[in-house]
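Okay, so here's the structure we're looking at.
The values are calculated or read from the model by the stated rules, or taken from the named source; none is laboratory data. Everything numeric in this text was worked out from a predicted model, so none of it was measured. A quick note on method: Cβ atoms are made from the backbone with ideal geometry, for glycine too, and the neighbour counts reach across all protein chains shown.
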Amino acid sequence: MRVAIVENTHITHHGQVGVALHERAALIDLWKPWSGQPLPTDIDADALVVFGGEQAATDDHTHPYLPDLARLMAAYTGADKPVLGICLGSQLLARAFGAENHLGTAPEFGWVDVGLTDQGRADPVLSVLPDRFPIFQWHSDTFTLPECAVHLAAGDSARHQAFRIGRATYGTQFHFEASRAVVADWTRSFPDAIERMSPGWPARHQHLAASQGVAADAHGLALARAWVGLI
């Protein structure tokens, strides 16, 4: 299989998604449009993954490729090829299908409990998770649910945590790719941004990684493997 991966910022960890793809010996086409690299215009790969970034899904003035990326996600969906949007990727996916992006209204950081909806419990991917599970969050924005979407998971601060469009297009507001190793690297790499999101995080990090991160790692890898199984 060949999978196109779009990175939206200079430090992007593939994390548990990368583990699941490498287990299946996937060939990766890597795109970095934030650096000025143009996005592909054709649907060449078997699936598309869009990771997060610090920009908002509507920041066309600073990241002019965002409308093209939203259209690419819709095109893959229209071709019945699996799509995965994580954090910013989920916000762009919602935008691509006519939803509204709400900026700065739902800040979350750290391991946070998320719950499955009834549709999530019956979903071929999300059903690998327990009814309520800890998973890593780092975002300030949220979105309305596209009319064509199935709502799969909800949270207290951001209601729309996961959704599906069609057979195999998924958006997750939470960072299920973020293993404890990824979170530790983010903590080292972005101290100022994290302090603004969660004052005193470094002092709590190790305890939370042990008490919540272990389970989150297992849930993230199970979710990644289930989605990769759709390709």
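For the range 73-88, the criterion of being at positive phi, hydrophobic (A, V, I, L, M, F, W, C) and out of contact with any Phe, Trp or Tyr (no Cβ under 6 Å at 6 or more places or on another chain) is met by at least one residue. Residues that are within 15 Å of ALA216 (Cα to Cα) and either part of a loop (DSSP other than H, G, I, E, B) or of a type in the set (D, E, K, R) (or both) within the range 119-133 comprise LEU129, PRO130, ASP131, ARG132, listed in sequence order. Is there a residue in the range 211-225 that is part of a loop (DSSP other than H, G, I, E, B) and modelled with pLDDT of 95 or more? No, because not a single residue in the range 211-225 is part of a loop (DSSP other than H, G, I, E, B) and modelled with pLDDT of 95 or more. Quickly run through the range 15-38 and pick out the residues that are in a helix (DSSP H, G or I) and of a type in the set (S, T, N, Q). Correct list: GLN16, SER35.
Inspection of the range 39-50 identifies at least one residue that is surrounded by 19 or more Cβ atoms within 10 Å (Cβ to Cβ), assigned to a loop (DSSP other than H, G, I, E, B) and touching a residue at least 24 places away in the same chain (Cβ under 8 Å).
Might you check whether a residue that is part of a strand (DSSP E or B), closer than 24 Å to LEU152 by Cα and of a type outside the set (Ser, Thr, Tyr) occurs anywhere in the range 92-105? Give the derivation first.
Residues of the range 92-105 that are part of a strand (DSSP E or B), as a first pass: 101-102.
Keeping just the survivors that are closer than 24 Å to LEU152 by Cα gives 101-102.
Among the residues that remain, those that are also of a type outside the set (Ser, Thr, Tyr) are: 101-102.
The answer is yes, given that some residue of the range 92-105 is part of a strand (DSSP E or B), closer than 24 Å to LEU152 by Cα and of a type outside the set (Ser, Thr, Tyr).
Residues checked against (1) closer than 20 Å to ALA56 by Cα; (2) in contact (Cβ under 8 Å) with a residue 60 or more places away in the chain:
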site: ASP141; (1), (2): yes, yes
site: LEU152; (1), (2): no, no
site: ALA216; (1), (2): no, yes
site: ALA224; (1), (2): no, yes
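Does ALA153 satisfy being buried (at least 21 other Cβ atoms within 10 Å of the Cβ), under 10 Å from VAL114 (Cα atoms) and not charged (D, E, K, R)? So ALA153 passes the test.
Only one of the numbered conditions (1) surrounded by fewer than 21 Cβ atoms within 10 Å (Cβ to Cβ); (2) more than 20 Å from ALA47 (Cβ to Cβ); (3) in contact with an Asp or Glu (Cβ under 8 Å, 6 or more places away or on another chain) is violated by PHE143, and that is (1). No other residue among ASP113, ASP68 is acidic (Asp, Glu) and either closer than 18 Å to THR12 by Cβ or more than 17 Å from the chain's Cα centre (by Cα) (or both) apart from ASP68.
Determine whether GLY200 is at pLDDT 95 or above and either under 22 Å from HIS14 (Cβ atoms) or of a type in the set (A, V, I, L, M, F, W, C) (or both).
Criteria not met by GLY200.
Can you find even one residue in the range 59-78 that is touching a Pro at 6+ places or on another chain (Cβ under 6 Å), aliphatic (A, V, I, L, M) and within 16 Å of GLY171 (Cβ to Cβ)? No, the conditions are met nowhere in the range 59-78.
Please verify whether LEU208 is closer than 21 Å to GLU7 by Cα and either in contact with a Phe, Trp or Tyr (Cβ under 8 Å, 6 or more places away or on another chain) or in contact (Cβ under 8 Å) with a residue 12 or more places away in the chain (or both), treating the condition exactly as stated.
No; evaluated as a whole, the condition is false for this residue.
Report whether or not HIS219 is in contact with a strand residue (DSSP E or B) (Cβ under 8 Å, 6 or more places away or on another chain), crowded, with 18+ Cβ neighbours inside 10 Å and under 20 Å from SER140 (Cβ atoms).
On the way: in contact with a strand residue (DSSP E or B) (Cβ under 8 Å, 6 or more places away or on another chain): yes; crowded, with 18+ Cβ neighbours inside 10 Å: yes; under 20 Å from SER140 (Cβ atoms): no.
Criteria not met by HIS219.
Taking residues in the range 60-72 that are part of a loop (DSSP other than H, G, I, E, B) and at pLDDT 95 or above, and partners anywhere that are among the aliphatic types (A, V, I, L, M) and surrounded by fewer than 18 Cβ atoms within 10 Å (Cβ to Cβ), the pairs with Cβ atoms closer than 9 Å and at least 6 places apart or on different chains are TYR65/LEU39.
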